[in-house]
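The values are calculated or read from the model by the stated rules, or taken from the named source; none is laboratory data. Every value quoted in this text rests on a predicted model; they were computed, and no experiment measured them. Backbone-built Cβ (ideal geometry, glycine too); neighbour counts: all protein chains shown.
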Amino acid sequence: MTTVGFCRACGNNTFTQGKLGNGYTSVTPVDKMFGSSPLIITFCKECGEVASIKVKNPKKF
Ligand SMILES: [Zn+2]
């Protein structure tokens, strides 16, 4: 659970987070051979509108 304000789609203020990235769908650097990071997605628990997508380990890039 996190606070990111109100959902821009439905006005609900309950959000939850999920992780995207299991090796195949992780974000990888454009110009480096190594390093990758999952994405943390914060979305509305009511309608699923995505409020925020974050790279979990930006320092790896
Ligand atoms: Zn919503």
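All conditions but one from (1) of a type in the set (Val, Ile, Thr); (2) at pLDDT 90 or above; (3) assigned to a loop (DSSP other than H, G, I, E, B) apply to THR25; the one that does not is (2). Mind checking whether some residue in region 47-60 is within 14 Å of the ligand (Cβ to nearest atom), free of Cβ contacts under 8 Å to residues at least 60 places away in the same chain, in a loop (DSSP other than H, G, I, E, B) and of a type in the set (S, T, N, Q)? Among the residues of region 47-60, not one is within 14 Å of the ligand (Cβ to nearest atom), free of Cβ contacts under 8 Å to residues at least 60 places away in the same chain, in a loop (DSSP other than H, G, I, E, B) and of a type in the set (S, T, N, Q), which makes the answer no.
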